[in-house]
1. Condition first: at pLDDT 95 or above, touching a strand residue (DSSP E or B) at 6+ places or on another chain (Cβ under 6 Å) and either surrounded by 14 or more Cβ atoms within 10 Å (Cβ to Cβ) or closer than 26 Å to residue 27 by Cα (or both). Can you find one or more residues in segment 135-148 that meet it?
2. Could you please find all residues in segment 11-25 being in contact with a helix residue (DSSP H, G or I) (Cβ under 9 Å, 6 or more places away or on another chain) and without any contact (Cβ under 8 Å) to a residue 60 or more places away in the chain?
3. Kindly list the number of the only condition in (1) buried (at least 21 other Cβ atoms within 10 Å of the Cβ); (2) at pLDDT 95 or above; (3) farther than 20 Å from residue 171 by Cα that fails for residue 22.
């Protein structure tokens, strides 16, 4: 199986028999770092798209991706409404209406769990407003057009190999304890949305005990709305306190084999 990080919370997974996407997002502005050279039209062989929630940096490019191929998308009802508004055919949308929603494919299985979006803390919000300045109304309107809806996390199973993707870090201790009952090979955890995000992300690792953790969403994807997150404290904490978990920090568009 091959895994490519697309920036933000986006990944492309090639199982050898099927290709699918998770939260694909390419539409960065000119000041974004690192630079994303791929465009939605470059992604045409995808069978499925799995969406964690409906914010613009997770959903915005899905209509364009689907216009260049035959993919179907799996998402919450609110996110589905956004996609239909943006021109996606309802027949290509599968709505996740219940917790622990399961779907089987030829080379893998996918299961969606109800989750929560991280709560932006006061310090982070103040810093963001200072950066945005005069762009407050424009960026605020853009954000309001893409409501999160029910947040999902996705667990993918490839035979005995398991991989779990979170698009936001608002999980409750009860949610993590429930997910920890089954062994996990790879955890993909976002480091964005809170001043103490490194501590929050570490709790996921401590509870879920994956063999490998792949941090994502730390990039400066849409400045001034975003900024780069220094994930060094997270990496250090995992290496020192969870030595059995490998930390794999991926570069933009890097592909690794799992």
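1. Among the residues of segment 135-148, not one is at pLDDT 95 or above, touching a strand residue (DSSP E or B) at 6+ places or on another chain (Cβ under 6 Å) and either surrounded by 14 or more Cβ atoms within 10 Å (Cβ to Cβ) or closer than 26 Å to residue 27 by Cα (or both), which makes the answer no.
2. 21, 24
3. With respect to (1) buried (at least 21 other Cβ atoms within 10 Å of the Cβ); (2) at pLDDT 95 or above; (3) farther than 20 Å from residue 171 by Cα, residue 22 is out only on (3).
The values are calculated or read from the model by the stated rules, or taken from the named source; none is laboratory data. All values reported here derive from a predicted model rather than from experimental measurement. A quick note on method: Cβ atoms are made from the backbone with ideal geometry, for glycine too, and the neighbour counts reach across all protein chains shown.
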